[in-house]
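Q: Okay, here's the structure, questions in a sec.
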Amino acid sequence: MTREFCAENMELVPAAVAAGAARIELCDNLAVGGTTPSYGVIEAATHLAERRGFDVMCMVRPRGGSFEYTRDEVKIMRSDLFTAASLGVTGVVFGCLRDGHLDHELTSELVDMAHAPGFGPRHGVEVTFHMAFDALPADEQLDAIDWLAEQGVTRILTHGGPAGTPIEDNLDRLRSFVERAAGRITILPGGGITWENAERIAAELGVSEVHGTKIVRLP
């Protein structure tokens, strides 16, 4: 099982990797759901990853609040995505909405940018669509899974319900996501998953990846 540890900075990353985290999601400002980390943090993480053999996913989000972005914010996202890829991250994490619905145009543009041949030292990076997914209308989420899979998005990070609800309350909805994904795209459950319940929840959902700030037991 792949444990993705969500890190706000580098302070806990070495210990998290030693405790079993195979992938790190870097995001500043967790109090607002995460924003793009600094150049220095991304650089430090990728350098450590080269020595320790873990993956690094980088949040691309210019601010907290809604997932609907202005033209100026989109320019920032393009620049941050380019910077993260140039520093050697495994992938990037973003989510884009427009008028409360999936922003197909912007999402497609950023996915294409991330996947472009020769983009960064890895020649293209993975894409995770983050918990903006949970802000979509429930009756649009299954179709969104289909569309994101068709775009080549690697995974969807989702709590399966409103933020703050117990993860156990959302297992049925998460199972429907896993069933709809059908191996075409990874459903990455997060929010309320810890080192204590990760294996049980993964087994109940039939997933092989889990995400959280407490996904491994730290000293």
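The values are calculated or read from the model by the stated rules, or taken from the named source; none is laboratory data. Just so it is clear, the model here is predicted, and its values are computed rather than measured. Quick reminder, even Gly has a Cβ in these numbers, built from the backbone with ideal geometry, and neighbours come from all protein chains shown.
Q: If ALA31 satisfies all but one of (1) buried (at least 19 other Cβ atoms within 10 Å of the Cβ); (2) modelled with pLDDT under 95, what's the number of the condition it fails?
A: The number of the failed condition is (1).
Q: If THR186 meets every condition in (1) β-branched (Val, Ile, Thr); (2) touching a strand residue (DSSP E or B) at 6+ places or on another chain (Cβ under 7 Å); (3) more than 16 Å from GLU25 (Cα to Cα) apart from one, which number is that one?
A: Only one criterion is unmet by THR186, namely (3).
Q: Select the helices (runs of 4 or more DSSP H) contained entirely in region 130-219, then report the ones holding at least 3 residues which are at positive phi.
A: It comes to none.
Q: Condition test on PHE54, is it surrounded by 16 or more Cβ atoms within 10 Å (Cβ to Cβ), over 16 Å from THR154 (Cα atoms) and out of contact with any Gly (no Cβ under 7 Å at 6 or more places or on another chain)?
A: Answer is yes for this residue.
Q: Could you list all residues from region 196-219 that are buried (at least 18 other Cβ atoms within 10 Å of the Cβ) and either more than 24 Å from GLU8 (Cβ to Cβ) or more than 14 Å from the chain's Cα centre (by Cα) (or both)?
A: Within region 196-219, ALA198, ILE201, ALA202, LEU205, VAL207, ILE215, VAL216 meet the criteria.
Q: Name the residues in region 73-125 that are part of a helix (DSSP H, G or I), under 25 Å from ARG51 (Cβ atoms) and within 18 Å of the chain's Cα centre (by Cα), would you?
A: ASP80, LEU81, PHE82, THR83, ALA84, ALA85, ALA114 - these are the residues of region 73-125 that are part of a helix (DSSP H, G or I), under 25 Å from ARG51 (Cβ atoms) and within 18 Å of the chain's Cα centre (by Cα).
Q: When you go through GLY118, GLY124 one by one, which is the residue that is out of contact with any helix residue (DSSP H, G or I) (no Cβ under 9 Å at 6 or more places or on another chain), of a type in the set (Gly, Ala, Ser) and modelled with pLDDT under 95?
A: None of the other options fit; the residue is GLY118.
Q: So, ALA144, is that one farther than 17 Å from VAL60 by Cα, buried (at least 17 other Cβ atoms within 10 Å of the Cβ) and either in contact (Cβ under 8 Å) with a residue 12 or more places away in the chain or of a type in the set (D, E, K, R) (or both) or not?
A: Against the criterion (farther than 17 Å from VAL60 by Cα, buried (at least 17 other Cβ atoms within 10 Å of the Cβ) and either in contact (Cβ under 8 Å) with a residue 12 or more places away in the chain or of a type in the set (D, E, K, R) (or both)), ALA144 qualifies.
Q: Which residue is farthest from HIS130 (Cα to Cα), if the candidates are limited to region 57-91 and must be surrounded by 18 or more Cβ atoms within 10 Å (Cβ to Cβ) and among the small types (Gly, Ala, Ser)?
A: GLY88
Q: Right, here's the next one. Kindly indicate whether VAL41 is part of a helix (DSSP H, G or I) and surrounded by 15 or more Cβ atoms within 10 Å (Cβ to Cβ).
A: yes
Q: Give the residue, chosen from THR107, THR158, that is surrounded by 19 or more Cβ atoms within 10 Å (Cβ to Cβ), within 28 Å of ALA44 (Cα to Cα), of a type outside the set (A, V, I, L, M) and in contact (Cβ under 8 Å) with a residue 40 or more places away in the chain.
A: Only one candidate passes the filter, namely THR107.
Q: Follow-up. Report every pair of residues separated by at least 6 positions or lying on different chains whose Cβ atoms are under 7 Å apart, first residue within region 44-72 and assigned to a loop (DSSP other than H, G, I, E, B), second small (Gly, Ala, Ser).
A: PHE54/ALA21; PHE54/ALA22; VAL60/ALA84; ARG61/GLY34; GLY64/GLY33; PHE67/GLY95; PHE67/ALA132; PHE67/ALA135
Q: Of the conditions (1) under 18 Å from CYS27 (Cβ atoms); (2) under 15 Å from the mean Cα position of the chain (by Cα), SER66 clears all except one; give me its number.
A: (2)
Q: A further question follows. Only residues that are touching a Leu at 6+ places or on another chain (Cβ under 6 Å) and either free of Cβ contacts under 8 Å to residues at least 40 places away in the same chain or of a type in the set (Ser, Thr, Tyr) (or both): list them for region 9-24, please.
A: none
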